[in-house]
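Visitor: Here it is: the structure, laid out below.
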Amino acid sequence: MNFTQLFLALRARYKIIIAVLLVTVIAALGISLVMSKVYRASTSLVLNTKGVDPITGMTLPVQMMSGYVATQADIIRSKSVALKAVESLKLAENPAVQQQFRDSNNEGDIKDWLANLLLAKIEIEPSRDSSVLTINFKGEDPTFVAAVANAFAQGYLDFSVQLKTDPAMQASGFINTQIKLLREQYELAQSRLSKYQKENNIYSADNRVDVETARLNELSSQLVQVQGLLMEAQSRSRQATGNAGESPDVLNNSLIQNLKSQLATAEARLADTSQRLAPNHPQYIAAKSEVDKLRSNLQEQIRTASSGVASNSNIYKQRESELRAALAAQKARVLELNGARDEFAVLTNEADNARRSYENAMQRYNQTNLEGQARQSDIAILSLAVPPTKPSSPRLLLNLALAVVVGLILGGGAVLVMELLDQRVRSASHMADVFGLPVLGAIAKPRVSKRSGKSNPPAALLPQQ
């Protein structure tokens, strides 16, 4: 069947098409009038995508993800949000709702039953190029659908805050427990440090070691200086013992020099007396006695000066020995203080680390505690739902337009089926195609004259070559 034949068949059976069309339109009209009116209320939410936490000031890249809006839509469709809407509207306390729940023979909780009923009629419509979510709810009561849409929006706001605060509160409790342990560790480390300070008499290890080191350096300098003096004293002592007359300490002695001068004068006087007087003369004896006395005093002073040089050498030697002992003791003291300083540094580091851990934990606890108490949300209500004045369905004009389209399609289908079941020749070309013979002529339908009202006789068509 080609298009021409189909057109001829539709034209021949147009009454069937009209009848099917009328039946379809009447049925659509009746159904639309019988159907109960359904109202739809919408609440718009805007999702904040600044990505900055109001408490910590940290960037939240999760809000920049492409699936963030879809995730929020799933949260709105969750049963937790629906339960919050049920509690907000106090539907479970309505006697009519309770009676309906008992009539449904549902063995579950009435709040869960109501939440499932609400979720069946809720629709979440995300915007394509923005962060706006629209909550749509349909029902027969315009006031009720607006209240439910707003209750879902408020429940979503509360639940989004709960999603942030509950983990923060749990973390706050965990950190609070850890703070007690960290505080005990800090107190133990500080106690060990204080005990070590008291036992070793250390209050500032670095300063004390610096003082002891300076004292060690001073003893070392004194020892070097005494060793030099000792070497010089030993050299003078050997010289004074071997050849006292040439010893610088003896030669530079003023008393010895004075005795030598007196001895020279007395010897000169004795020599002069010996030339004038005999050895038994009293003057000669007196002069000789004076010379012997001066010579004896001189030798005594030389021995005294020599013994003084030796005594000085012994003093320097004893001083060197004392300084060596003091230097060795000071070295041991410095080494001991270095060990004490290392141990003190270790204990100090342990106390500092424990203090820093405790302070960081306290800071984190304060932050998480503040986050747990913050009731701020990243979502804001853009527009609240209001009771609709016109129903969203049924839409009479749209249903009638669809009925017309469907009626035409059904009518055309009915004509096509009938044409396939009862095929008729609708044109000369169709007859030629069916029998495969040329058409010799065709009898046209009589035409009625509009002027006279009489029909003209049919005209015979000559065969076409």
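Visitor: Test ARG276 against the stated conditions and say whether it is surrounded by 13 or more Cβ atoms within 10 Å (Cβ to Cβ), modelled with pLDDT of 75 or more and basic (Lys, Arg).
Guide: no
Visitor: Moving to a separate point now. If you check every pair at least six apart or on different chains, which have Cβ atoms under 8 Å apart with a residue in the range 257-268 that is farther than 16 Å from ALA286 by Cα and modelled with pLDDT under 80 first and a residue that is aliphatic (A, V, I, L, M) and in a helix (DSSP H, G or I) second?
Guide: GLN257/LEU251; LEU259/LEU294; LEU259/LEU298; LYS260/LEU298
Visitor: Among the residues in the range 210-228, are any surrounded by 15 or more Cβ atoms within 10 Å (Cβ to Cβ) and at pLDDT below 75?
Guide: For the range 210-228, residues surrounded by 15 or more Cβ atoms within 10 Å (Cβ to Cβ) and at pLDDT below 75: present.
Visitor: Among the residues of the range 238-248, is any assigned to a loop (DSSP other than H, G, I, E, B) and either at pLDDT below 75 or touching a Phe, Trp or Tyr at 6+ places or on another chain (Cβ under 7 Å) (or both)?
Guide: Going residue by residue through the range 238-248, those that are assigned to a loop (DSSP other than H, G, I, E, B) are 243, 247.
The next check asks that each one be either at pLDDT below 75 or touching a Phe, Trp or Tyr at 6+ places or on another chain (Cβ under 7 Å) (or both); those that pass are 243, 247.
Yes - at least one qualifying residue is present in the range 238-248.
Visitor: Among the residues of the range 362-383, which ones are within 19 Å of THR177 (Cβ to Cβ), among the polar types (S, T, N, Q) and either touching a strand residue (DSSP E or B) at 6+ places or on another chain (Cβ under 7 Å) or at pLDDT 80 or above (or both)?
Guide: If the condition is that a residue be within 19 Å of THR177 (Cβ to Cβ), among the polar types (S, T, N, Q) and either touching a strand residue (DSSP E or B) at 6+ places or on another chain (Cβ under 7 Å) or at pLDDT 80 or above (or both), then GLN363, ASN366 are the ones that fit.
Visitor: Return the residues of the range 384-397 that are in a helix (DSSP H, G or I) and either farther than 21 Å from VAL25 by Cα or at pLDDT 80 or above (or both); say none if nothing qualifies.
Guide: Once the filter is applied, which keeps residues that are in a helix (DSSP H, G or I) and either farther than 21 Å from VAL25 by Cα or at pLDDT 80 or above (or both), the range 384-397 yields only LEU397.
Visitor: Let me ask you something else. Tell me the helices (runs of 4 or more DSSP H) entirely within the range 64-103 that contain at least 3 residues that are touching a residue at least 12 places away in the same chain (Cβ under 8 Å) and either among the aliphatic types (A, V, I, L, M) or out of contact with any Phe, Trp or Tyr (no Cβ under 7 Å at 6 or more places or on another chain) (or both). Lay out the reasoning, then the answer.
Guide: Numbers: elements: 68-76, 79-89, 95-103.
Fully inside the range 64-103 and qualifying: 68-76, 79-89.
Visitor: Filter the range 131-153 down to residues that are in contact (Cβ under 8 Å) with a residue 24 or more places away in the chain and part of a helix (DSSP H, G or I), then give me how many there are. Full working, then the answer.
Guide: Step one: filter the range 131-153 for residues in contact (Cβ under 8 Å) with a residue 24 or more places away in the chain, giving 131-143, 145-153.
From the residues that got through so far, the ones that are part of a helix (DSSP H, G or I) too are 142-143, 145-153.
Selection size over the range 131-153: 11.
Visitor: OK, next. Please determine, by comparing only the residues of the range 104-130 that are part of a loop (DSSP other than H, G, I, E, B) and in contact with a Phe, Trp or Tyr (Cβ under 8 Å, 6 or more places away or on another chain), which one is modelled with the highest pLDDT.
Guide: SER104
Visitor: Restricting to the range 35-57, and then to whatever is under 20 Å from THR71 (Cβ atoms) and at pLDDT below 60, can you tell me which residue is surrounded by the most Cβ atoms within 10 Å (Cβ to Cβ)?
Guide: Filtering first and then ranking leaves ASP53.
Visitor: Looking for something surrounded by 13 or more Cβ atoms within 10 Å (Cβ to Cβ) and outside any helix (DSSP H, G or I) - is there at least one such residue anywhere in the range 155-176?
Guide: No, the range 155-176 has no match at all.
Visitor: Check VAL148 against each of (1) buried (at least 17 other Cβ atoms within 10 Å of the Cβ); (2) more than 20 Å from PRO387 (Cβ to Cβ); (3) aliphatic (A, V, I, L, M) and name the one condition it does not meet.
Guide: All conditions pass for VAL148, except number (2).
The values are calculated or read from the model by the stated rules, or taken from the named source; none is laboratory data. Please read all numbers here as calculations on a predicted model, not as lab measurements. No Cβ is skipped: glycine too gets one built from the backbone with ideal geometry, and neighbour counts run over all protein chains shown.
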